Every structure is written in structure tokens, then in C-alpha cells.
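Just below is one structure, and these are the notes that go with it.
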Amino acid sequence: MTYPRWARLDYGGVLAGLVFVALSMTPSMLPRPVYYQGVVSGLSFGVGYLLGAAAWKLVTRAARRPHPWLTRYGWVVITVIWLVAFGVLLSYATRWQNGVRTTVGLEELKGYEGWVLGLMTAAVAACALWAGRCVGHLHAALVGRARSLLHTDATRVQRAAAGLAASAVLGFGMLLVLVALVGTMVIFLDSRWEARNAAMDPAVARPTSPLRSGGPGSLVAWEDVGSKGRAVVASGPDAARITAITGAPAIEPIRIYVGLKSESTYEQRAALAVRELERVRAEDRAVIVIPGLTGTGWLEAQAIDSLEYLHGGDTAMVAAQYSISPSWVSAVFHPDQSRDGTRALYEAVHAWWSALPEDRRPQLVAYGLSLGAQALQSVFPNTQALIGGLDGAVFAGSPSGTALDESIRAQRDAGSPVVAPAVSRIPQVRYFSSSVGVARPDAGWSTPRIAYLEHGNDPVVWVNWSIFYRKPEWLSAGQRSASISPDMIYIPLVTGLQTAADLAMAETVPDDSGHKYGDATFLAWVEITGRSGLDDPALQRIRAILATYDVQAPISQ
């Protein structure tokens, strides 16, 4: 039987590719759009094909001569197996995805989306095969060239060594190309991020209030605040807006933001931030908040606006930019920047605050989301330092590996789950996995109150390298969060790859799931700093306003 050109594939590669596609469609932490799942499954086929083809080559070499039946009818059997198995797999994949989607409150997939997934998978798999064939042809050419340099009487060992040398040259060359591409990309993006940080958005007006950095009398030039900082100080509710929502008297909130270009070192920027606090008499406010910024200097509007609404504007926010790169770049390539920059700001503000008369000090609280939460926690060597250094804090979506978070979790009560554990020995700390829990904390929560907001299906919080080879505790019996699909099981390596793919989807889900914490921060502020005399209807009106905010992605900021 003669097969068309496209059928010149390895039996083992095609079957292994099908297995990898099936594994890629097993349920994970978060739902995925069909186009994204198609890309993941198509690439998975490519990897499976590569491994299966290599294994099949070893088998055929050992057998030396394939059975005639396999040569004659092999592709017919393989094609039937593939079509039947893939059709069944799409049905299961749809059911699995619907289970994950229901868990986070999304509607189920429409009937045609399963076929879109199949087509997308096939298209990406074809591209992966084409790329693999190109590399294969290049490898064959290099091996042929290497062996042509040998004498005609070269031994079998010498020919094999020449082939291995050619393979090594190809691998090393591809690695060099990859490093060059990544380096070039980072350099290019750095220049883009610097340009974006300096760009003046005509839609962002310079503040007219002297209580904002960059405004009249400010020690920070408007041009030096940076694009993210300008967005912060030019936004937020004013006194009239706060009164309109809460029905209570209000004053103008203070917002201090020192941009990266304002001074040359972390310490100098921190000192400038303190001088700004003194200029606007922040010591007369009820609450001072130190937010942990993301890599670009972005700050979640909900977190700061909600505190200002809650306290009638009697607040002061103080921040200092430490980087212009997105959080994922800062975390991977410049992990010291977030730590050192945040530490310098905290130490300077805390020293200034500590020098105030004790009976007149405002509440000093901190807030961090994602990398900002990790950076703030790195300031404190242990829980005692955290409790002694602040009047309260909210840490939302602390990335896996955050030392302070993990040390506290390790002290949880016997029998307490790893997700939202109870830690009786540290009564100031509470873990919450949903806004419902934050709204109804237990009566034993001591002051100063520290709130950890960590969803059970947030891959930023729970995924680390160990998941590739060891079943994580949060997937064990009795530990699994209700926000994780009951269909999700642990498969070594596969679950690691699946949850790594989930990281890209961490912010495409509804509020109060994944890496989106919605108004849970506001509810935490109520419990930590007090409600300032506001009644329940006023709090509900604030929540309603916060629900209208456009939630942005901290990972990309």
C-alpha cells in the first residue's frame, strides 16, 4: 500500500502524541479558553511526537525488519485509532473544562467550541511537526557533512561519534540562538518599558491639589513621577465623591508617589517620600498605608480607593517606584529590586512614624498584591517583626515561595488544611480563601491584624517547581479547596506543566478566584482598620462602586 507524503510519520510518534494531547486536556486549576487549550494541546502533541518517534526508532532498529502486516496496514489502523480516540477525548475534554468553569462561576462551553478546540489543536500540532521536520533536516545535513569529512574506511564507532558531534553542535547552536533572542528581547523591552514609564498620557491631568505628588508645592516633579505613578496620584475619589457615596463628611486624601527618576537610589527616593509626608502633614491623618508596588510601579486602584472611602479621605498613601519592568521580569531577572526598594521605603517611613508622639500616631498599615505582597513580607525577618512593625496589613496573592507566608503556614494547627489554615499560636494572623470568609472573621482575631488573601485555585500562590515530581499538599485528600475541580488529579510532570500553563490564565477568571481578589481587600480593611462609624448600607455602597472597577492583571504590570 502506498501512503501520501503527509503519512511519512512515525507510528510511535503519532501514538505518543495522542497520549500527550490527552494528558494536556486533563482538568487543572483554572478554566481555559478553547484557543489557549488548543495551543497547549497542539504543542503537547509536538513534544509527544518527538519522544515517541525517538522510542519507535530504537524499537525498529532492534527489530531490524518491520513485520509486513505493519508496513501494509499500519497507517490504516493508526488513523482509525487516532480519529476514534480523539473524538472521545474531545467529549471528555469538554466535560472536564465545564467542571472547572462551573467551579469558578463561568457558564459551560457551547457545543461548537469542542470542535474549535479540535481544529486548533490540529493546526498547532501541524505547525509543531513542520518545525520539527525543519530541525530534523538541518540535523541530517549536519550529520551528513560531519561524516563526509571522515575517511572512506572510517569505523562504525567513528561514524557514530561524528553524528553525535554534529548533534552537539546543533544543540549548542540552538541554545546560543535562544539566549541571543531572549537577551535581545529583554533589551528591546527594557527600552520600551523605559519609554512607557516616561510617556505623558494627555488623558492624565496634573493634580491641582497640593496633597498629591506632582501637584502644587510638591517636591516631586510631575515629569519624574512616572506613568504608573501619575495614574495613581491623578486618580481616586476626592472629598465630594467620598461624601456622595458614604453620606459622611470627608476630606481630601493624601497620595504620595516618588517615581524612579526622582532620585538615583532606593534610600534617596525613600527619604524624598518622607519629606513629602512631612510637607502635607500626613501625621495628622488617621491611617497611613504603604503599598507594595508591582514591577512597573502599578498599584491596584480598588485597594487604595476602598481605604479612602472607608475613612472619609482621612488617609495618606506613600509609595516609591523601584523598577519599570513587569512583575514577571522583575521576579525572574531582578528579584533584589522589589526587596531592596520596598525595604528602603518601609524603614524610612517607619522611622519617621516612630518619632511621632505615640498618642498621636496614625495607624500604619501595609498592602501588597502579588509581587508587592512578597516584597513587603521580605522586609520582615519573622512574624514578631511583622506584628511589631505595623498596625495591620493585607497580603493578597502572595507568590509561592514567599518565606514569611510559608513560615506562618508551617505553624498551622494540627488537622488544619493548607488552604486558609488556622494558626492559633499567632492570633494576629488570619488566612482567607474567599471574600465570604473575610466578611465573617472569627471573634478571636487579635490586633494588629494581618490578613492573607489566598484563593485555593490561584496558581501564583500554590505552584512551584516541586509540583513536577511531588504531589502538592493542596491536592491531597482532606486538603483540597472547594475551588479546585474534583476531576483534577495529580500526574507527575503533567500536573506541573498543566499548572504552569494555568499561570497565564490566573487573571482571566471572575473576581474572587484565581489571581483576582476583587473587593476582598476592602472587606479586610474594614476588619483591620475599623469602619470609621459607617453603617452597613454605606459599606454596601462602597462595595457597589468597587465592583464597577476595571480589574487589571498584576502579573503583567
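Values quoted throughout were computed directly from the atomic coordinates according to the rules given, and no laboratory measurement underlies them. Quick caveat, the model's predicted, so the values are computed rather than measured. Using ideal geometry, Cβ is built from the backbone for each residue, glycine included, and neighbour counts are taken over all protein chains shown.
Restricting the calculation to alpha carbons of the range 444-485 gives Rg and Dmax of 13.4, 40 angstrom. With the simple model of a label 7 Å out from the Cα in the direction of the Cβ, ALA500 to ARG531 spans 4.8 nm. Ranking MET317, VAL418, TYR346 by how far each Cα lies toward the positive end of the dipole of the chain (charges on Cβ) leaves VAL418 at the top.
The alpha-carbon of LYS261 sits under 12 angstrom from the alpha-carbons of these aspartates and glutamates, leaving out residues fewer than 8 places away in its chain: GLU194, GLU223, ASP224. Over the chain, Cα pairs under 8 Å with separation of 6+ residues give a relative contact order of 14 percent. What does a probe at LYS471 reach in the range 493-509, counting residues whose amide N is under 18 Å from the point 7 Å along Cα→Cβ? 493-499, by backbone N distance to the label point. Ranked for footprinting exposure by Cβ neighbours inside 10 Å, fewest first, HIS334, HIS455 give HIS334, HIS455. For the range 396-505, a simple Cβ point-charge model (Lys and Arg +1, Asp and Glu -1, everything else neutral) yields a dipole of about 240 debye relative to the Cα centre. Between LEU493 and VAL157, residue separation times 0.36 nm minus the direct Cα-Cα distance comes to 117.4 nm. Straightening the chain between MET200 and ARG145 buys 14.2 nm, computed as 0.36 nm per residue apart minus the Cα-Cα spacing. Under the convention that each Lys and Arg Cβ holds +1 and each Asp and Glu Cβ holds -1, the size of the dipole of the range 256-371 around its Cα centre is about 180 debye. Compare the Cα positions of ALA501, GLY52, THR296 along the charge dipole of the chain (+1 at Cβ of Lys, Arg; -1 at Cβ of Asp, Glu; about the Cα centre) and return the one farthest towards the positive end. Among ALA501, GLY52, THR296, the one farthest towards the positive end of the dipole of the chain is GLY52.
The slack in the chain from LEU138 to TYR36, taken as 0.36 nm per residue of separation less the alpha-carbon distance, amounts to 33.7 nm. The alpha carbons of the chain stretch over 92, 49, 45 Å along the principal axes, in descending order.
Across the chain, the longest piece that holds none of the GluC sites (Glu not before Pro) lying in DSSP loops with up to 16 other C-beta atoms within 10 Å covers 109-557. Here r is the Cβ-Cβ distance between ALA165 and VAL59 and R0 is 25 Å; the resulting FRET efficiency, rounded to 0.05, is 0.45. Rounded if a/c is under 1.5, else prolate if a/b beats b/c, else oblate: with a ≥ b ≥ c from the C-alpha gyration tensor eigenvalues square-rooted, which is the range 272-346? Cα axes put the range 272-346 in the oblate bin. Rounded to the nearest 20 debye, the dipole magnitude of the range 466-557 is 260 debye, with +1 charges on Lys and Arg beta carbons, -1 on Asp and Glu beta carbons, and the Cα centre as origin. With a Förster radius of 30 Å applied to the beta-carbon distance between ASP413 and GLU347, the computed FRET efficiency rounds to 0.35. Eigen-decomposition of the gyration tensor built on the alpha-carbon atoms of the range 365-454 gives equivalent ellipsoid semi-axes of 18, 14, 14 angstrom, largest listed first.
The residue among VAL169, ILE545, ILE256 whose Cα reaches farthest toward the positive pole of the charge dipole of the chain, with charges on the beta-carbon of Lys, Arg, Asp and Glu, is VAL169.
Show that you can apply the helix-only estimate: for the chain, add -39,500 (n - 2.57) for every DSSP H stretch of four or more residues, divide by all residues, and state [θ] at 222 nm to the nearest 500.
-17000 deg cm²/dmol
With both labels modelled 7 Å from their Cα along Cα-to-Cβ, the SER424 to ALA221 distance reads 6.0 nm. Can you list the DSSP H helices in the chain whose Cα atoms extend at least 30 Å along the helix axis and whose mean Kyte-Doolittle hydropathy is 0.5 or higher? The qualifying helices are 34-63, 68-103, 113-148, 156-198.
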